[in-house]
Amino acid sequence: MPDCIFCKIIKGEIPCTKVYEDAAVFGFLDIKPVNPGHTLVIPKKHYENIHETPDELLGKMAIVAKRIADAILKLGAKGINIGMNNGAVAGQSVFHAHIHVMPRYGKDSFSLWVGKEYDGSEREEVAGKIKNAL
Ligand code: AMP
Ligand code: ZN
(Lines give C-alpha, C1' and ligand atoms only; values in the text may rest on other atoms or scores of the structure.)
(Ligands and ions follow the chains in the order given, each with its own letter.)
Protein backbone atom coordinates (compact mmCIF):
# COMPACT_ATOMS: atom_id res chain seq x y z
CA MET A 1 0.00 0.00 0.00
CA PRO A 2 2.01 2.99 -1.29
CA ASP A 3 0.82 5.64 1.16
CA CYS A 4 0.87 3.43 4.25
CA ILE A 5 3.42 4.55 6.84
CA PHE A 6 3.83 1.03 8.27
CA CYS A 7 4.38 -0.46 4.79
CA LYS A 8 7.10 2.17 4.33
CA ILE A 9 8.66 1.12 7.66
CA ILE A 10 8.73 -2.53 6.55
CA LYS A 11 10.35 -1.54 3.25
CA GLY A 12 12.96 0.51 5.12
CA GLU A 13 11.77 3.78 3.56
CA ILE A 14 11.00 5.26 6.98
CA PRO A 15 13.25 4.55 9.98
CA CYS A 16 12.02 2.56 12.95
CA THR A 17 13.43 0.90 16.04
CA LYS A 18 12.96 -2.77 15.22
CA VAL A 19 12.69 -5.35 17.98
CA TYR A 20 11.42 -8.38 16.02
CA GLU A 21 11.20 -9.72 12.49
CA ASP A 22 10.30 -13.02 10.86
CA ALA A 23 8.93 -13.98 7.44
CA ALA A 24 5.43 -12.67 8.15
CA VAL A 25 5.52 -10.43 11.23
CA PHE A 26 7.42 -7.29 12.21
CA GLY A 27 7.72 -5.59 15.62
CA PHE A 28 9.02 -2.08 16.36
CA LEU A 29 8.80 0.54 19.07
CA ASP A 30 5.86 2.94 19.01
CA ILE A 31 7.13 6.47 18.40
CA LYS A 32 4.86 7.85 21.18
CA PRO A 33 4.88 5.13 23.82
CA VAL A 34 2.54 4.75 26.78
CA ASN A 35 5.78 3.67 28.49
CA PRO A 36 9.26 2.86 27.13
CA GLY A 37 9.14 -0.48 25.33
CA HIS A 38 5.62 0.03 23.92
CA THR A 39 5.81 -2.14 20.81
CA LEU A 40 3.69 -2.46 17.68
CA VAL A 41 3.34 -5.92 16.12
CA ILE A 42 2.28 -5.77 12.49
CA PRO A 43 1.87 -8.12 9.52
CA LYS A 44 4.46 -7.53 6.81
CA LYS A 45 1.70 -7.69 4.23
CA HIS A 46 -0.76 -4.81 4.33
CA TYR A 47 -4.13 -5.52 5.92
CA GLU A 48 -6.18 -2.62 7.19
CA ASN A 49 -7.46 -4.09 10.45
CA ILE A 50 -8.24 -7.28 12.38
CA HIS A 51 -11.20 -8.06 10.15
CA GLU A 52 -9.11 -8.14 6.97
CA THR A 53 -6.15 -10.00 8.48
CA PRO A 54 -6.23 -13.75 7.73
CA ASP A 55 -6.76 -15.88 10.87
CA GLU A 56 -3.47 -17.76 10.57
CA LEU A 57 -1.50 -14.53 10.28
CA LEU A 58 -3.40 -12.98 13.17
CA GLY A 59 -2.45 -16.02 15.23
CA LYS A 60 1.22 -15.48 14.37
CA MET A 61 0.93 -11.80 15.36
CA ALA A 62 -0.67 -12.76 18.69
CA ILE A 63 2.13 -15.22 19.45
CA VAL A 64 4.77 -12.59 18.66
CA ALA A 65 2.90 -10.07 20.85
CA LYS A 66 2.98 -12.60 23.70
CA ARG A 67 6.70 -13.25 23.24
CA ILE A 68 7.44 -9.53 23.31
CA ALA A 69 5.19 -9.12 26.36
CA ASP A 70 7.10 -11.94 28.10
CA ALA A 71 10.40 -10.21 27.30
CA ILE A 72 9.14 -6.85 28.60
CA LEU A 73 7.95 -8.49 31.84
CA LYS A 74 11.39 -10.07 32.28
CA LEU A 75 12.85 -6.57 32.03
CA GLY A 76 10.78 -5.36 34.99
CA ALA A 77 7.31 -4.28 33.81
CA LYS A 78 4.60 -5.09 36.37
CA GLY A 79 1.93 -5.84 33.77
CA ILE A 80 1.17 -5.56 30.06
CA ASN A 81 -1.82 -4.21 28.16
CA ILE A 82 -2.29 -5.76 24.74
CA GLY A 83 -4.70 -3.98 22.46
CA MET A 84 -5.78 -3.39 18.91
CA ASN A 85 -7.75 -0.40 17.67
CA ASN A 86 -9.92 -1.22 14.67
CA GLY A 87 -11.68 1.63 12.90
CA ALA A 88 -11.31 5.37 13.34
CA VAL A 89 -14.13 5.46 15.89
CA ALA A 90 -12.15 2.94 17.96
CA GLY A 91 -9.04 5.13 17.89
CA GLN A 92 -7.24 3.59 14.92
CA SER A 93 -5.03 6.23 13.33
CA VAL A 94 -2.77 4.05 11.16
CA PHE A 95 -4.77 1.80 8.88
CA HIS A 96 -2.32 -1.08 8.74
CA ALA A 97 -3.32 -3.71 11.31
CA HIS A 98 -1.23 -3.57 14.48
CA ILE A 99 -1.23 -4.99 17.98
CA HIS A 100 -0.07 -2.66 20.76
CA VAL A 101 2.06 -4.30 23.48
CA MET A 102 2.19 -1.78 26.32
CA PRO A 103 4.34 -2.20 29.43
CA ARG A 104 2.75 -0.98 32.67
CA TYR A 105 4.47 0.07 35.86
CA GLY A 106 1.57 1.28 37.99
CA LYS A 107 2.11 5.01 37.54
CA ASP A 108 1.47 6.37 34.04
CA SER A 109 -1.12 8.29 32.06
CA PHE A 110 -2.76 5.24 30.51
CA SER A 111 -6.46 5.02 31.40
CA LEU A 112 -8.86 2.18 30.79
CA TRP A 113 -12.48 2.52 29.69
CA VAL A 114 -15.24 3.37 32.15
CA GLY A 115 -18.07 0.83 32.01
CA LYS A 116 -21.76 1.73 31.96
CA GLU A 117 -24.87 -0.16 33.10
CA TYR A 118 -27.22 -2.18 30.87
CA ASP A 119 -30.88 -1.11 30.74
CA GLY A 120 -33.45 -3.80 31.61
CA SER A 121 -33.32 -6.72 29.16
CA GLU A 122 -30.67 -5.10 26.96
CA ARG A 123 -27.88 -7.42 28.14
CA GLU A 124 -29.74 -10.62 27.17
CA GLU A 125 -30.88 -9.06 23.88
CA VAL A 126 -27.42 -7.98 22.81
CA ALA A 127 -25.93 -11.37 23.78
CA GLY A 128 -28.60 -13.09 21.68
CA LYS A 129 -27.86 -10.85 18.69
CA ILE A 130 -24.11 -11.50 18.94
CA LYS A 131 -24.66 -15.27 19.16
CA ASN A 132 -26.88 -15.15 16.07
CA ALA A 133 -24.33 -13.08 14.15
CA LEU A 134 -21.39 -15.42 14.85
P1 AMP B 1 -3.49 3.44 16.48
O2 AMP B 1 -4.02 4.70 17.07
O3 AMP B 1 -3.98 2.20 17.22
O4 AMP B 1 -3.73 3.35 15.00
O5 AMP B 1 -1.94 3.43 16.76
C6 AMP B 1 -1.01 3.91 15.85
C7 AMP B 1 0.28 4.03 16.60
O8 AMP B 1 1.32 4.18 15.66
C9 AMP B 1 0.34 5.22 17.55
O10 AMP B 1 0.53 4.76 18.88
C11 AMP B 1 1.53 6.03 17.03
O12 AMP B 1 2.30 6.58 18.05
C13 AMP B 1 2.29 4.99 16.24
N14 AMP B 1 3.11 5.52 15.15
C15 AMP B 1 2.73 6.36 14.16
N16 AMP B 1 3.75 6.61 13.33
C17 AMP B 1 4.80 5.89 13.79
C18 AMP B 1 6.15 5.72 13.36
N19 AMP B 1 6.62 6.34 12.27
N20 AMP B 1 6.95 4.91 14.08
C21 AMP B 1 6.48 4.29 15.18
N22 AMP B 1 5.22 4.39 15.62
C23 AMP B 1 4.38 5.19 14.96
ZN1 ZN C 1 0.50 -0.93 5.22
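Close amide H contacts of Tyr20 (hydrogens built in the peptide plane, cut-off under 5 Å, sequence separation of 5 or more or a different chain): Gly27.
Among the chymotrypsin sites (Phe, Trp or Tyr not before Pro) in segment 85-134, those placed in a DSSP loop whose Cβ has at most 16 other Cβ atoms within 10 Å are Tyr105, Phe110, Trp113, Tyr118. Taking the alpha-carbon centroid of each part, what is the distance from segment 69-124 to segment 4-65 in angstrom? One Cα centre to the other: 16 Å. Here the chain is scanned for GluC sites (Glu not before Pro) in DSSP loops (not H, G, I, E, B) that have at most 10 other Cβ atoms within 10 Å, and the longest stretch holding none of them is 14-116.
Rounded to the nearest 0.05, what FRET efficiency do Val94 and Asp22 give with R0 = 22 Å and r taken as the Cβ-Cβ distance? Could you check? Numbers along the way, then the final one.
On the way: r = 21 Å, r/R0 = 0.95.
Step by step, r from the Cβ atoms, then E = 0.60.
Against the chain, whose longest principal axis is taken from its Cα atoms, helix 122-133 shows a tilt of about 60°. Give the carbon-plus-sulfur fraction of the accessible surface of the chain in %, rounded to a whole number; probe 1.4 Å, heavy atoms of protein chains only. In the chain, the share of accessible area belonging to carbon and sulfur is 56 percent. Cβ screening of the chain for cysteine pairs under 4.7 Å finds these without a partner: Cys16. Taking a ≥ b ≥ c as the square roots of the eigenvalues of the alpha carbon gyration tensor, the chain is oblate, as a/c is not under 1.5 and a/b does not beat b/c. With axes computed from alpha carbons, what is the tilt in degrees of helix 55-74 against the longest principal axis of the chain, rounded to the nearest 10 within 0 to 90? Between the helix axis and the principal axis of the chain, the angle is about 70 degrees.
Where does the longest stretch of the chain lie that holds no trypsin sites (Lys or Arg not before Pro) found in a DSSP loop with 12 or fewer other Cβ atoms within 10 Å? My reading of the result: 1-77 is the longest stretch. With contributions of -39500 (n - 2.57) from each DSSP H run of at least four residues, the per-residue ellipticity at 222 nm computed over the chain stands at -9000 deg cm²/dmol. Solvent-accessible surface of the chain, averaged per residue with a 1.4 angstrom probe and all protein chains in place: 68 square angstrom.
The values are calculated or read from the model by the stated rules, or taken from the named source; none is laboratory data. Note that this is a predicted model, so its numbers are computed, not measured. All Cβ positions, even for glycine, are placed from backbone atoms using ideal geometry, and neighbour counts span all protein chains on display. What goes into the accessible areas is simple: the full protein's heavy atoms, side chains included, and nothing from ligands, DNA or RNA. Shrake-Rupley method; radii C 1.70, N 1.55, O 1.52, S 1.80 Å.
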